[in-house]
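The values are calculated or read from the model by the stated rules, or taken from the named source; none is laboratory data. Just so we're clear, the structure is a prediction, and the values are computed from it rather than from any experiment. Note: ideal-geometry Cβ built from the backbone for every residue, glycine included; neighbour counts use all protein chains shown.
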Amino acid sequence: MKLLRSASLLAAAAVCCSAFAVAQTTVSIPPNIRAVQPPAPWMKIPVPPLPAFHPVEPTRIELKNGLVILLEPDHELPFINGSITMRGGSRDIPESEAGLIDLYSMVWRNSGTSTMSGDQLSDLLASKAASIETDGDVDSTDVSWSCMTKNEKQIFALAVDLLEHPAFNERQLQLAQRQEIAGIVRRNDNAPDIAQREAAMLVYGKNSPYARLPQISTVMGITLQELEAWHAKTLVPNNMIVSVEGDFDPAKMEQALRAAFGGLKRGPAWPKPTGVFTGPKPGVYAVNKSDVDQSNIWIVGLGTKRNNPDYYALTVMNEIFSGGFGSRLFQDVRTKQGLAYEVYGAYGASFDHPGVFFTAAATKSGTTVKTTEALLKEINELKTKPFTASELASAKDQLLNSFIFNFDSRDKVLNRAVELEFYGYPADFLEKYRTGIESVTLADLERVAHKYIDPSKLAILVVGNEAHYGTPLTALDKGPVTPLDITIPMPAAMRQQLMGGGQ
Amino acid sequence: MRYLRAARWLAPVCCVMVAAAALAQGSAQAATASSTSNFAANAALQAAEASGHALVQKELALFNKRVTVKVLPNGLTLILCNRPGAPVFSYFTLVNAGDANDPTGESGIAHMFEHMAFKGTQDLGTTNYPAEKIALAKVETTYAAYDREYRKRVGRNPQKLAELHAAFKKAEADADQYVIPNEFTEIAEANGATGLNAETGLDYTRYFWSMPINRLQLWAYMESDRIAHPVLRQFYQERNVVMEEHRMRIDSNPVGLMVEQFLAAAYVASPYHRPGIGWMSELSQITATEAWAFHKKYYVPSNIVIAVVGDVTPADLPMLEKYFGAIPAGPKPQPMTTIEPRQVAEKAVFLKMPTQPMFLEGYHRPDYLSPDDATYDAIQDIFSNGRTSRLYRSLVEKQQIAAEAEGFTGFPATKQASMFAFFAVPNPGHTDEQMKAAIQQQIEKIKTTDVTTAELEMFKTRARADLLRSLNSNQGIAQALAMSQLRYGNWQHLFTQINQIDAVTKADIRRVANEVFVPSNCTYIMVQHEAPPSPPTAAGKTAGGAR
């Protein structure tokens, strides 16, 4: 799902519940800070009880054909924003067609409808400061619209027209192929990009739908018929969620949505995701990039799913491990040792497949091994350095006192609801989050650290300038270093033209 | 390849924390509060076929009721904006100084100071400030002694240098014993701070986070204390962190390197010729003493605007005044005297590296107070805004020579005379020269033929809608109000700018294009692929190539 793109590799962010009220009346003082001192004057700054706040939950309507509607009126500004999300994304495409969803989402919008070309559509939307966009992701595609209240009727009709009568055309397919290939030939230009995607490939497997890359050959092989077939396959009301937020009358909006979508015929339910997840082959992996002076280091393994009962304990563990300036990783690798500007990590949890457990940093070439060792030490210490009551209390304060920011605006409330609906999570899942976090104990932390953290199952990836490491990666004592081949497959003539015959 | 907003990711801005880390904390742009009662009013307006203009006027009237501005006796400007909804607030502290203000030889110091503003105060981050103060003074004297020897061009004594370095490291360790590392930010985070970060650009330095409203007083204490009484502890450890940021943003980043080399060529006198994060040689030698002097000169209350938006009311003002009014006053820094001289010759840079080609060119334009500022916005919109824009339609869609192409105003910043720039990414098989020629064709067109009525209207309609759309979060509103207040002396400019936009004519666009888009006012850079040299070690041979 689009909402989750940035979070997919990162820690599972906090989720929300339907009410928030807390009667705390003192400043939260990280306990490690003032244990031995007489209280400073600022500690007496009053913290009045936070007023009770009940976010307005969206209205859920399920049509007879299975389509789910979620409505969140918000009259602050004269705009309406809507989205139609369909199940199915790049993970459901065979490897031989990798890149299809990218092309689909570009060609769909750019081609326009059977009665209005993409350019005509763009002109009309621009004249009204409105937008209609199509997008695709690992598990879904969507068409979304945004417009001023007064234009809703017209813009919504156009969005529905694009959904029901798209006109995928050859010229736009060629344009999209060019754009996609422009991205492919540039994918080795940036070291951090290389590191992130290769790390995902180590965890999920090079050919896994969660990690694989589109190639020039797969992109060139995709046809208009395949895009049309994909579209027809996903346009099934019982696999769709329509969400609308903004300045509308709910009864009228419901009527308009029923009229637009009520006639769609129910189809087969989209299959649940499958897949075998074994995690990386442990070892050290390297990509040499001789034009950089900084190494990107990723230590990765398999994470978990968010419906794991240990999710709350893992969330608290993540907070202690890397959840901000006070976390172990930040304090040691950045503040104390000054080895890195970027350092982060988390035991990741995705909704319907295992996330990634990652610890990463970027450091100058000459401290590559030293920094890798520092990261490994922090990972090991999740098991060997007992969590303290003070760490636990700080982590809970951070998660619980910032909890309201999970639902302090209507668009956040709506996005959460769509997310739960999409992944089939129970409605009370979010309400349990707060109590789940509150109830985590030191024993829970120790238990989950021992259960889930296994340094012997991790892969270490370094993308950097090997000639300047000083200490070689073999000094990590994790066995031989496996070089990764990141050569971009392309025709010889093209390679000659773009790269002078080099890689 | 996705269509990117070049102005956003080319602009040199540095932060105290990477965005990814902020994401891992579950932070996000704060808050669209639930709203009260606008629905009926909106409906009435629309029934009357109200223009976007009327809607902007209506919002301004609403904000006139919600906003309180107070200039404190010490010169600090406080803006409060009540926005009903969740019991939260966001703040935005805007300091009217950035890396363009770095003294000669100290490039990067504004940004370095911004990192230090998270290190605490005399009360936060220390177990014993009086003792720490003495220890920190010793760090500076030992560092200065080491630095004097280090900088000797002739007669540097390696043994003496090593001894001086050891003395400095010992003083640093001594001072470290009093430090409670990251206490300031830990307190903020434990009290629910979300989206905590700061940014230093060339023009301004910005600090911001969001918190539950019951921590308003705690925030006022912390923010005022770090403005008034920061302690520059662990400076030299943090300097190493910032040098890593330099490697990430510039040395190991093709786009960063391209922008650095472009600006260095395009500007001769303006401080915009330096990278915001500094030259590595200077960054690696700046001192806490210099950072302290920067603070003393620029972090005076009369040089700072703070906006607080959310569940705040004028009743909170006395409490805020108590904290922020206590910051010692100082003389308002003078605007700089340097004005970039007229460019007299076209300049070109050819940067060869193991990366695919990119093209960037820029034409000097006046600063943001120019009466033509809105005309530049119009030109940007017509060249670049989305699928209907001229550069997209010509280079990307019709000719299919570029993966992306845009023109944008205010590069690399806006307070001083800056540039209107063009950025294009060639498709495989196409060249930077083709980008330049195709852009030139579009420039000629806008110089010789009026833009269409539809194009001009699209620009104006979108500008009004974008303004209204931007009013959807506490953090966004806080930033917009503070920026308008500081840059124009009144926050209402956020809304009244629409009048300048409305006044732009086709003739204005042609006149400005003819003034500015001339070869002698142009600098361009072509990034061209060149294979990296073969690594000298055998190790390099075994690894996969990253070319």
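Filtering region A:458-492 to residues that are hydrophobic (A, V, I, L, M, F, W, C) and free of Cβ contacts under 8 Å to residues at least 60 places away in the same chain leaves only A:Ala492.
Going through (1) polar (S, T, N, Q); (2) in contact with an Asp or Glu (Cβ under 8 Å, 6 or more places away or on another chain); (3) surrounded by 22 or more Cβ atoms within 10 Å (Cβ to Cβ) one by one, B:Asn157 falls short only on (3). Contact annotation: residue pairs with Cβ atoms under 7 Å, 6 or more positions apart or on different chains, pairing a residue in region B:84-112 that is in a helix (DSSP H, G or I) with a partner that is at pLDDT below 95 and small (Gly, Ala, Ser), are B:Asp99/B:Gly276; B:His111/B:Gly276. The numbered conditions (1) under 26 Å from the mean Cα position of the chain (by Cα); (2) away from chain B (no Cβ under 14 Å); (3) buried (at least 19 other Cβ atoms within 10 Å of the Cβ) are all true for A:Phe387 except (1).
Across region A:78-101, the qualifying residues are those that are buried (at least 22 other Cβ atoms within 10 Å of the Cβ) and within 14 Å of chain B (Cβ to nearest Cβ), and the one among them that is farthest from A:Asp352 (Cα to Cα) is A:Pro78.
Just name the residue that is farthest from the other protein chains (Cβ to nearest Cβ) out of those in region B:250-287 that are over 20 Å from B:Ser418 (Cβ atoms) and surrounded by 23 or more Cβ atoms within 10 Å (Cβ to Cβ). The extreme case among them is B:Ile286.
The residue list A:Asp352, A:Asp428 contains one member that is surrounded by fewer than 24 Cβ atoms within 10 Å (Cβ to Cβ), more than 22 Å from A:Ala449 (Cβ to Cβ), in contact (Cβ under 8 Å) with a residue 24 or more places away in the chain and of a type in the set (Asp, Glu), which is A:Asp352. Taken over region A:34-73, residues that are more than 34 Å from the chain's Cα centre (by Cα) and in a strand (DSSP E or B) amount to 0.
Considering B:Pro341, B:Pro318, which residue is surrounded by fewer than 16 Cβ atoms within 10 Å (Cβ to Cβ), over 26 Å from B:Pro271 (Cβ atoms) and at pLDDT 95 or above?
B:Pro318
Selection of region B:89-146 for residues being of a type in the set (Lys, Arg) and under 30 Å from B:Pro271 (Cβ atoms) yields only B:Lys119.
Scanning region A:181-200 for residues that are surrounded by fewer than 22 Cβ atoms within 10 Å (Cβ to Cβ) and of a type in the set (Asp, Glu) gives a single hit, A:Asp193. Give the residue, chosen from A:Ala232, A:Ala211, that is of a type in the set (A, V, I, L, M, F, W, C), away from chain B (no Cβ under 14 Å) and part of a loop (DSSP other than H, G, I, E, B). Sole residue among the options that is of a type in the set (A, V, I, L, M, F, W, C), away from chain B (no Cβ under 14 Å) and part of a loop (DSSP other than H, G, I, E, B): A:Ala211.
The set of residues in region A:108-135 being out of contact with any helix residue (DSSP H, G or I) (no Cβ under 6 Å at 6 or more places or on another chain), free of Cβ contacts under 8 Å to residues at least 12 places away in the same chain and at the interface with chain B (Cβ under 10 Å from one of its Cβ atoms) consists of A:Asp119 alone. Screening region B:412-507 for helices (runs of 4 or more DSSP H) wholly inside it with 3 or more residues that are of a type in the set (A, V, I, L, M, F, W, C), within 27 Å of A:Ile80 (Cα to Cα) and more than 10 Å from chain A (Cβ to nearest Cβ) returns the ranges B:474-488, B:493-502. Just the residues that are over 12 Å from B:Glu455 (Cα atoms) and among the hydrophobic types (A, V, I, L, M, F, W, C), please, taken from region B:363-388. Those that are over 12 Å from B:Glu455 (Cα atoms) and among the hydrophobic types (A, V, I, L, M, F, W, C): B:Leu369, B:Ala374.
Residue count for region B:406-432 satisfying the condition of being closer than 19 Å to B:Leu486 by Cα and either at pLDDT below 95 or of a type in the set (Lys, Arg) (or both): 1. Of the residues B:Ser394, B:Ser389, B:Ser384, B:Ser370, the single one that is within 22 Å of the chain's Cα centre (by Cα) and within 14 Å of another protein chain (Cβ to nearest Cβ) is B:Ser384. The residue that is surrounded by the most Cβ atoms within 10 Å (Cβ to Cβ), counting only those in region A:324-349 that are among the aromatic types (Phe, Trp, Tyr) and in contact with a Ser or Thr (Cβ under 6 Å, 6 or more places away or on another chain), is A:Tyr344. Given A:Asp444, A:Asp397, A:Asp485, A:Asp408, which one is away from chain B (no Cβ under 14 Å) and either charged (D, E, K, R) or surrounded by 15 or more Cβ atoms within 10 Å (Cβ to Cβ) (or both)? After ruling out the rest, the residue left standing is A:Asp444. Among the residues examined, A:Val68 does not qualify as at pLDDT below 95 and either more than 11 Å from every other protein chain (Cβ to nearest Cβ) or farther than 22 Å from A:Gly183 by Cα (or both). Looking across B:Tyr376, B:Tyr363, B:Tyr368, one residue alone is crowded, with 20+ Cβ neighbours inside 10 Å, closer than 21 Å to B:Ser484 by Cα and touching a residue at least 60 places away in the same chain (Cβ under 8 Å). It is B:Tyr376. Only a single item in (1) more than 14 Å from every other protein chain (Cβ to nearest Cβ); (2) under 24 Å from the mean Cα position of the chain (by Cα); (3) closer than 28 Å to B:Phe89 by Cα; (4) of a type in the set (Val, Ile, Thr) is not met by A:Ile453, and it is number (3). When residues of region B:57-83 are filtered for being touching a strand residue (DSSP E or B) at 6+ places or on another chain (Cβ under 7 Å), under 19 Å from B:Ser302 (Cα atoms) and touching a residue at least 60 places away in the same chain (Cβ under 8 Å), how many remain? Total satisfying the criteria: 9.
For region B:165-212, a tally of residues being more than 7 Å from chain A (Cβ to nearest Cβ) and either assigned to a helix (DSSP H, G or I) or in contact (Cβ under 8 Å) with a residue 60 or more places away in the chain (or both) returns 30. In region A:176-193 there is no residue that is away from every other protein chain (no Cβ under 14 Å), in a helix (DSSP H, G or I) and in contact with a Gly (Cβ under 7 Å, 6 or more places away or on another chain). Within region B:452-485, no residue satisfies the criterion of being buried (at least 23 other Cβ atoms within 10 Å of the Cβ) and free of Cβ contacts under 8 Å to residues at least 40 places away in the same chain.
Quick one: is B:Ile227 outside any loop (DSSP other than H, G, I, E, B), within 11 Å of chain A (Cβ to nearest Cβ), buried (at least 23 other Cβ atoms within 10 Å of the Cβ) and not acidic (Asp, Glu)? No; evaluated as a whole, the condition is false for this residue. When restricted to residues that are within 26 Å of the chain's Cα centre (by Cα), assigned to a loop (DSSP other than H, G, I, E, B) and either at negative phi or of a type in the set (S, T, N, Q) (or both), region A:244-284 contains 12.
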